[in-house]
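Visitor: Here it is, the structure, as structure tokens.
What follows is calculated from the coordinates using simple rules that are stated; it is not laboratory data. Because the structure is predicted, anything quoted here is derived from the model rather than measured. Don't worry about glycine lacking a Cβ; one is built from the backbone with ideal geometry, like all the others, and counts go over all protein chains shown.
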There are 2 protein chains.
Amino acid sequence: MKLPVSTEWLLHCAASLAQLEAGATASAAQLAQYFDLPAAYLAKQLQALVKAGALAATTGPRGGFRLARPASEITLLQIVEAVDGTSSPYECREIRQQGRGALSAEECQNPCILAEKMAEAHEAWRNSLAATSLAEIIAALPPSAPPRTRLRLTGTS
Amino acid sequence: MKLPVSTEWLLHCAASLAQLEAGATASAAQLAQYFDLPAAYLAKQLQALVKAGALAATTGPRGGFRLARPASEITLLQIVEAVDGTSSPYECREIRQQGRGALSAEECQNPCILAEKMAEAHEAWRNSLAATSLAEIIAALPPSAPPRTRLRLTGTS
DNA sequence: GCAGACATACTCGGATAGAGTGTGTCCGAGTGGGCTTGG
DNA sequence: CCAAGCCCACTCGGACACACTCTATCCGAGTATGTCTGC
């Protein structure tokens, strides 16, 4: 079970975008320079966040990415699931219905207990991530961070 | 983020072994037939559970696998981590220290908030899985299940 | 001085190659049981 | 009839190919800007 490396990239990118002034944008190239990441691949992953509705992209000069919604309404879960998908890491393939010990269809009307327990664990993980928004992440940073980020990321204080 | 397919296999195998009488064993070939799985690969994965201390293996005729400890002391977490490893799915590579926006070493003495939040979510997942033991899984099955499993798995009622 | 049209440079978006991990398979070492044989 | 020794079949354990996803890269379509020209 392993999350893509780009998960960390996008979490940090989203947190940085949340520190910009309302309406301001940062391009994929700027974000890549800010974290020393491969620009082309980062741009591809940022598209995933756009499709998920977390970011908005504008093309053309002075364009780039910005948050599509207030930072308080974007949770860590939305970002993570935009990158990695929403499917559960445990996929029940109903092996209890196969082989010599196969159970009849009647006995399988109630779902497999093991699958239920794994789903519960996944829900606990999701709830934990959904409990934190980008706004809370920003609030935990020192007050000097946002101006510094704006300066080094976009060049405008 | 995806768990190996063998995770489901080993959860069901462990649950089946827990239904055997104390001291009884089932071979990898029997378990593979019982669930219609590739025997060789299943055997390889069962070794992981032996190394993790969840199962015990005996060689030679009439040998096979059995639980290494009482079913009440084997949690789902131990099985899952034996297959997939204990490392967190989110690996913080400290990109905040790289690139144009690199923070100084002093500012990074306290760990990255994003990494902390991701670690919290992973702990929530682990706690959820650690809360359920194999004994509780067996207890949730209908009373007719254990004899049936013993019969179809090992041939002995 | 002003408005409109144009060329431009910058942006995102999708389609295309390469590496690492999980998946599947095979064969060899070790061991307990069952048979044979001798007493 | 009993016991000891031997052979064997069955078990696990580790070493070897294949496939799929993540990683990385490139080039093309589209657009807001800035400039130039004509009125």
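Visitor: What tally of residues in region A:22-43 results from selecting those that are near DNA strand C (Cβ under 9 Å from one of its atoms) and not in a helix (DSSP H, G or I)?
Guide: Final tally of qualifying residues: 3.
Visitor: Within the set of pairs 6+ apart or on separate chains, which have a first residue in region A:61-78 that is in contact (Cβ under 8 Å) with a residue 60 or more places away in the chain, a second that is among the basic types (Lys, Arg) and crowded, with 19+ Cβ neighbours inside 10 Å, and C-beta atoms under 8 Å apart?
Guide: Pairs that qualify, where the first residue is in contact (Cβ under 8 Å) with a residue 60 or more places away in the chain and the partner is among the basic types (Lys, Arg) and crowded, with 19+ Cβ neighbours inside 10 Å, are A:Leu76/B:Lys117.
Visitor: Here's something else I'd like to know. I'd like to verify a number: residues in region B:1-21 that are within 12 Å of DNA strand D (Cβ to nearest atom) and in a helix (DSSP H, G or I), how many?
Guide: Here the count works out to 2.
Visitor: So is A:Leu46 within 16 Å of DNA strand D (Cβ to nearest atom) and part of a helix (DSSP H, G or I) or not? Can you show your working first?
Guide: Numbers: within 16 Å of DNA strand D (Cβ to nearest atom): yes; part of a helix (DSSP H, G or I): yes.
The answer is yes for A:Leu46.
Visitor: Just checking, which of A:Ala71, A:Ala54, A:Ala121 is surrounded by 13 or more Cβ atoms within 10 Å (Cβ to Cβ), within 30 Å of B:Arg148 (Cβ to Cβ) and not hydroxyl-bearing (Ser, Thr, Tyr)?
Guide: Working: A:Ala71 fails: within 30 Å of B:Arg148 (Cβ to Cβ); A:Ala54 fails: within 30 Å of B:Arg148 (Cβ to Cβ).
It is A:Ala121.
Visitor: Identify all residues within region A:49-61 that are on the phi > 0 side of the Ramachandran plot and either more than 7 Å from DNA strand C (Cβ to nearest atom) or within 14 Å of chain B (Cβ to nearest Cβ) (or both); write none if there are none. Spell out how you get there, then give the answer.
Guide: Just the residues of region A:49-61 that are on the phi > 0 side of the Ramachandran plot, to begin with: A:53, A:60.
Result: A:Gly53, single match.
Visitor: Exactly one of these conditions fails for A:Leu129: (1) within 8 Å of chain B (Cβ to nearest Cβ); (2) within 25 Å of B:Glu120 (Cβ to Cβ); (3) surrounded by fewer than 18 Cβ atoms within 10 Å (Cβ to Cβ). Give me its number.
Guide: Condition (3) is where A:Leu129 drops out.
Visitor: Let me spell it out: the conditions are (1) surrounded by 15 or more Cβ atoms within 10 Å (Cβ to Cβ); (2) touching a residue at least 12 places away in the same chain (Cβ under 8 Å), and B:Glu94 meets all of them except one. Which number is the exception?
Guide: (1)
Visitor: Separate question: In region A:123-153, what count of residues is obtained for those that are in contact with a strand residue (DSSP E or B) (Cβ under 8 Å, 6 or more places away or on another chain) and either closer than 15 Å to A:Pro70 by Cβ or among the β-branched types (Val, Ile, Thr) (or both)?
Guide: Of region A:123-153, the ones in contact with a strand residue (DSSP E or B) (Cβ under 8 Å, 6 or more places away or on another chain) are A:129-134, A:153.
Filter once more, so that each one left must be either closer than 15 Å to A:Pro70 by Cβ or among the β-branched types (Val, Ile, Thr) (or both): A:132-134.
Total meeting the criteria: 3.
Visitor: I'd like the residue in region B:95-126 that is at the interface with another protein chain (Cβ under 9 Å from one of its Cβ atoms) and touching a Cys at 6+ places or on another chain (Cβ under 8 Å) and, out of all such residues, is nearest to A:Ile113 (Cα to Cα).
Guide: Ranking the candidates gives B:Met118 first.
Visitor: Residues that are more than 8 Å from chain A (Cβ to nearest Cβ) and within 14 Å of DNA strand C (Cβ to nearest atom): does region B:64-78 have at least one?
Guide: For region B:64-78, residues more than 8 Å from chain A (Cβ to nearest Cβ) and within 14 Å of DNA strand C (Cβ to nearest atom): present.
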